[in-house]
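First comes the structure, then the notes that go with it.
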Amino acid sequence: DLKCTNPKVYGGGEGAGILWQGFNWKIRRDVDAYKPLLKSVSQALRPAQRWQEIAQQCIQNQHQSPNGHMATAPYFALHMRVELDMWHHKCGRDMEKNLTKIFSFLENATQDYNRNQSSSDQHVHRVFLAFSWKHLMKARERNTTDDDHMANENLDFLIAKFSNNSASVENKPSYFTCGENKMKEWYLSKKDEIEDNYYGSLVPMVIDFYIATEANVFIGVSGSSFSNDVWITRYYQGKGDTNYQYTPQGIIPIPNGGLPPLHSNC
């Protein structure tokens, strides 16, 4: 097998993600001409089978469906881009930074969604969170600026959420993550076969991306390449009507039937 040392994903800087970045650059050159290619790639986009299986371990909180079969419980996915590196990037300047506010919007959205379902089996009680614990923890390294204070408050809020993580609390959803934590378990199980963190941040993000595309509803944020690519993929997979974004004012649908403009570096 070809060996690859610590590959990185599109959006990671330092020349990362050359193939995906080059693909998007080509599409942007003539969106109309390359739209069929973008559609075909988005419809076909799936992780390798072993990474799909890890993702399924996270999302298969199964329940008995009315017909007697086991079905995957519905879930929302939220990509919350609140790591400090994004706040220092020009694409992050208009993003909502306060996690308490974002989660208030989110919990209202899940309640509204559930009220509109005809069966309790269709109710959403879980939310997948796409973010990096590793990068959020960097907030602990400094606490001098207003952004630093907010980042530490966000981290405290998130830790508290996971320490009291039950859907039975005030009828609010429970939360789960996948990529980083599951890959730690995977490396431990393969410690005699492959070096720790061999795939770097790439595979955890691929797993999280896949879970986000499979969600009943996806909520991202404008300015993020990850959110943008999830929206586009979901749109071409027939899920554009459940693409949303959080803003400082609340959660709103992605216009144009859920198809956003191609991402650019703001």
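Before moving on, here are some points about what is shown:
- Meets criteria (among the aromatic types (Phe, Trp, Tyr) and either touching a helix residue (DSSP H, G or I) at 6+ places or on another chain (Cβ under 6 Å) or under 19 Å from Lys35 (Cα atoms) (or both)) for Tyr199: no
- Subset of the range 87-145 [open to solvent by 60 Å² or more (accessible area, probe 1.4 Å), acidic (Asp, Glu) and not in a loop (DSSP other than H, G, I, E, B)]: Asp112, Glu141
- The residues of the range 229-243 that are in contact with a helix residue (DSSP H, G or I) (Cβ under 6 Å, 6 or more places away or on another chain) and within 7 Å of Phe218 (Cβ to Cβ), listed by number, are Val230, Arg234, Asn243.
- Asn216 vs. criteria out of contact with any strand residue (DSSP E or B) (no Cβ under 6 Å at 6 or more places or on another chain), polar (S, T, N, Q), surrounded by 21 or more Cβ atoms within 10 Å (Cβ to Cβ) and under 23 Å from Leu99 (Cβ atoms): no
- Residue check for Tyr210: surrounded by 13 or more Cβ atoms within 10 Å (Cβ to Cβ), of a type in the set (Phe, Trp, Tyr) and under 19 Å from Leu45 (Cα atoms): yes
- Subset of the range 148-206 [at negative phi, out of contact with any strand residue (DSSP E or B) (no Cβ under 9 Å at 6 or more places or on another chain) and not in a helix (DSSP H, G or I)]: Asn164, Lys172, Lys190, Lys191, Asp192, Glu193, Ile194, Glu195, Asp196, Tyr198, Tyr199, Ser201
So that you can scan it fast, the table gives a plain yes or no per residue for (1) touching a residue at least 24 places away in the same chain (Cβ under 8 Å); (2) not in a helix (DSSP H, G or I):
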position	(1), (2)
Phe23	no, no
Ile27	yes, no
Asp32	no, no
Leu37	no, no
Ser42	yes, no
Pro47	yes, yes
Trp51	yes, no
Ile54	yes, no
Cys58	yes, no
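- The set of residues from the range 244-263 being in contact with a helix residue (DSSP H, G or I) (Cβ under 7 Å, 6 or more places away or on another chain) and open to solvent by 40 Å² or more (accessible area, probe 1.4 Å) comprises Ile251, Gly257.
- Selected residue (criterion: nearest to Asn24 (Cα to Cα)) from residues of the range 45-65 that are modelled with pLDDT of 85 or more and open to solvent by 60 Å² or more (accessible area, probe 1.4 Å): Arg46
- Inclusion of Val221 among residues that are open to solvent by less than 40 Å² (accessible area, probe 1.4 Å) and either within 19 Å of the chain's Cα centre (by Cα) or under 21 Å from Leu45 (Cβ atoms) (or both) is warranted.
- Filter result (aliphatic (A, V, I, L, M) and within 21 Å of Pro253 (Cβ to Cβ)) within the range 109-145: Ala109, Val124, Val127, Leu129, Ala130
- Members of the range 237-252 found to be without any contact (Cβ under 8 Å) to a residue 12 or more places away in the chain and within 21 Å of Gln43 (Cα to Cα), listed by number: Gly238
- Pairs with Cβ under 7 Å, 6+ apart, first in the range 214-229 and assigned to a helix (DSSP H, G or I), second among the hydroxyl-bearing types (Ser, Thr, Tyr): Ser225/Tyr10
- Residue in the range 76-83 that is modelled with pLDDT of 85 or more and either surrounded by fewer than 17 Cβ atoms within 10 Å (Cβ to Cβ) or assigned to a helix (DSSP H, G or I) (or both) present: no
The values are calculated or read from the model by the stated rules, or taken from the named source; none is laboratory data. Keep in mind that what you see is a predicted model, and the values were worked out from it rather than measured. Neighbour counts run over all protein chains shown; Cβ positions are idealised from the backbone, glycine included. Heads up: the accessible areas ignore ligands, DNA and RNA and are worked out on the full protein's heavy atoms, side chains in. Shrake-Rupley method; radii C 1.70, N 1.55, O 1.52, S 1.80 Å.
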